[in-house]
Amino acid sequence: MEKGGDVLGVFKRLAKGISAVGDSVKEESGKDFCLDEKYGYIHSCPTNLGTGMRASVHIDLPGWTKEGVDKLKARCEELALQPRGTRGESGGQTGHTYDISNKHRLGYSEVQLVQTMIDGVNT
């Protein structure tokens, strides 16, 4: 997590870390992560099949808090986004700060998923 709006910098740091972990796994085991050309990386959790990329940002949305969470969820659905509270997937929401992320994980590249989050938040 990083304060500010340098999404590209965060993405580059993530990619570097993933590469380092992959290199270490290969060095230790002689094997690569399981990658399918069509479906992406294979995970134990089916909801993360594909890239597994969940790009999110914490953003203050006082107007949407006033309108109600159901209206925020509906707007996010239109933008292929998912709103959560800042306490995680099931931790609830406090105040008017939300965790907004891309809704989809399968069938899109990492760049497409990050761009979906950026475009939606900037809408």
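Taken together, the values in this text are just the output of simple stated rules run on the coordinates, not laboratory data. What you see is a predicted model, and the numbers here were worked out from it, not measured in a lab. Note that we place each Cβ from the backbone using ideal geometry, even for glycine, and neighbour counts take in every protein chain shown.
The figures follow:
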item	result
5 angstrom amide H check on Thr97, placed H, neighbours 5+ away	Leu61
Using a Förster distance of 30 Å, the FRET efficiency for Lys3-Tyr41 (Cβ separation, nearest 0.05)	0.55
Set of lysines near Lys66 by C-alpha distance (under 28 Å), chain-local residues within fewer than 8 positions excluded	Lys3, Lys103
Efficiency of FRET from Cβ geometry, Cys34 and Arg13, R₀ 22 Å, rounded to 0.05	0.35
